[in-house]
Amino acid sequence: MMDIDFKEYQLSSELRGHEDDVRGICVCDNVGIATSSRDRTVRFWSLDPSDKRKYHSSKILLGHTSFVGPLAWISPNAEFPEGGLVSGGMDTMVLVWDLRSGEKVQTLQGHKLQVTGVTLDNEDIVSSSVDSTLKRWRKGKLVEFWEAHNAPIQTVIRIPSGEIVSGSSDTTIKLWKGKKCAQTFVGHTDTVRGLSVMPGVGIISASHDCTIRLWALTGQVLMEMVGHTAIVYSIDSHASGLIVSGSEDRFAKIWKDGVCVQSLEHPGCVWDAKFLENGDIVTACSDGVTRIWTVHSDKVADSLELEAYASELSQYKLSRKKVGGLKLYDLPGLEALQIPGTSAGQTKVVREGDNGVAYSWDMKEQRWDKLGEVVDGPDDGMNRPILDGIQYDYVFDVDIGDGEPTRKLPYNRSDNPYDAADKWLLKENLPFSYRQQIVEFILQNTGQKDFTLNTSFRDPYTGASAYVPGQPSSMSAIPAKPTFKHIPKKGMLIFDAAQFDGILKKIMEFNNALLSDLEKKNLSMSELETSRVAAVVKILKDTSHYHCSSFADVDISLLLKLLKTWPPAMIFPVIDILRMTILHPDGASLLLKHVENQNDVLMEMIEKVSSNPTLPANLLTGIRAVTNLFKNSSWYSWLQKHRSEILDAFSSCYSSPNKNVQLSYSTLILNYAVLLIEKKDEEGQSHVLSAALEVILDFVISLHSTKWNCFRLLSDVMSLLKNLTRDVELYFQLPF
């Protein structure tokens, strides 16, 4: 038994090469280290002969069609002279690899769902799966299997005495002698995610309940270790008695005698952590990097490497820094102070450099006065909630159903609930049919059950008296001319909300439909392609990493191929992914290269979605995708070049019965107005003005409530193009 007096661990080296999360680690005796990744590969890392603290990627094992998780090492023998590896993946496969050739020599098929664990039992392989079964494989053949738990199995190990131990989402651990359960360990309150042997004592477990437990093989809990603040994914022990755990909370924690003696911070989730024989620690992180940590002074990284890692951590934390309970990067910039306040003393928090700074509105002087820097204190949970840099008495989560994302509804007790509801519905582009429901929701959740409507209240945008259900209307038969009270928008707008899980689910649903259609099967995606689409969605969901994440060129090619080949009725979720890809800096850049270097697939898409018979879903996603192009200035030339074709293609949208299509078209016109004014393109401005007038005339004739949002946006267009609209203003007497 090695006796290692505890010393502080420091970074030794980084193993870079994986293109996505590193999910699993396998210590391969003294031969090297194997890692698995969400990028569908297994990498083998050999010790660098010229620098004993560094490793280099000596082999990349390709064969899985989805992300790879658990790994097991086959020590060198007659069949595998240089050793072998066993890997399990999301693709339900267990693969066996010959390390000498780097090729897979066995494909073990049988699990119905993701493989979560693999372990060796002499010459047999035992695997666990989300399908709740354990399977035993011998010489490439399935020899036995059994349903071991009533829920997904998350991990499996073999202990020195020969038994198999499994951990499950049913919160239990089971010890197996053959197919017979000899012991059930009960104690965790959530999924058991990781297991390891504690030499001479029993086993240790990691759980979603954020704890680690040490167990005797009799099922008795010997110790509970508490310190993580999120899911604990992995656990390992060393002959010295030390334990290391990896967690969603971004820390690998080192434990001695049940006490956390050190926490190793990472710039992402720590999926796995393992000890090397010499006591060094290997960690697998969601940033795609494997790291070695050491207590040996001669193996510590040099000062430049340590400074670079400290800087990486600092940048990561800065991107997630909170002030006043809100993420720093979610706060508006100083430009938010250009918008006047609405009441004396109103506070607004904005981002200034690395800090959040509070301002108060001086109604008399009509200016924002600086109050000071905002910091998170111990009682921040008791503070008023903040939304878009403004404090409110309440910020409600509103689920409007219909597959729409949850919306944030701000409210102050001094507000008129009808006023608040109307402004919120307009901001969120929701129909006024929700109005009374929103008002009742506000009154119920703020305790204002005896609220009495002020009869002098007028709708903030139409000037009309508020509608109160159950009371007679005070409006005459002749509709009053509406007056508009809003600050015109002078910047471009984008559509940046997306329900990614629903989009991906719809794409997979359509792909399965193509697979089952013999005539159209050739249009379907392969398993590799579906995994690439899922990878694209993962990148898009992680908006905090847009500054450093990137797409493979093949990802953009795949999306464009689907746009060209899939039936029109199936392309709208693909366009929706494209819409969000455009908002990603690297996505917008790659897409532009494709459009410039090949046939203009984007114009083909516009023609396809606008051709009769049009489909509302295609029109909606198509307009929004084009609208989002205005976010990236590199697209301005393309947008100017194709202005006539784009506006003409979507010109019928103003009369669409779908209010979201109407609003999206109006937003497109607004963005074009901003761009063409900036470019001093008078011909283009006239075209945009003509398109805006067409919608406004339709509105004036119909006075349809669902078109108020479009009217407001196009009023902004008219305001922007004021030099061209003086005669129009006189004619309509519109308050631009």
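Every read-out reported here was derived from the displayed coordinates using simple, explicitly stated rules and does not represent laboratory data. This one's a predicted model, so the numbers in the text were calculated from it and none came from an experiment. Cβ placement follows ideal geometry from the backbone for every residue including glycine, while neighbour counts extend to all protein chains displayed.
The figures follow:
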read-out	value
Order of Met492, Met605 under a 10 Å beta carbon neighbour criterion, fewest first	Met492, Met605
For Ile390, residues with placed amide H under 5 Å, excluding near neighbours	Val349
Distant-in-sequence amide H partners of Gly69 (H built 1.01 Å from N, under 5 Å)	Gly88, Gly89, Met90
Segment 514-628 shape via C-alpha gyration tensor axes, a/c threshold 1.5	oblate
Spin-label pair Ala569/Asp29, simplified geometry with 7 Å Cα→Cβ offset, distance in nm	6.1 nm
From phi via Karplus (6.51, -1.76, 1.60), per-residue ³J(HN,Hα) for segment 677-689 in Hz, x at Gly/Pro	5, 4, 8, 6, 9, 5, 4, x, 4, 5, 5, 5, 4
Inter-site label distance for Asp302 and Leu47 at 7 Å from Cα along Cβ, in nm	2.1 nm
Added length on full extension, which subtracts the Cα-Cα distance from 0.36 nm per residue, Glu596 to Leu518	24.6 nm
Burial ordering of Tyr665, Tyr411, fewest other beta-carbon atoms within 10 Å first	Tyr411, Tyr665
Distance in nm between pseudo-label sites at Asp586 and Lys408 (7 Å out along the Cβ direction from Cα)	2.7 nm
Kirkwood Rh in Å, taken over all unlike Cα pairs in segment 21-319	19.3 Å
Whole-Hz ³J(HN,Hα) from phi, Karplus 6.51 cos²θ - 1.76 cosθ + 1.60, for segment 69-84, glycine and proline x	x, x, 9, 9, 9, 9, 4, x, 8, 4, 6, 10, x, 10, x, x
Per-residue HN-Hα couplings for segment 665-670 [Karplus 6.51, -1.76, 1.60; θ = phi - 60°; Hz; x = Gly/Pro]	5, 5, 5, 4, 5, 4
Fewest-first sequence of Asp393, Asp29 by Cβ atoms within 10 Å of each Cβ	Asp29, Asp393
Computed FRET value (nearest 0.05) for Ser311 with Met603, which takes r as the C-beta separation and R₀ as 35 Å	0.20
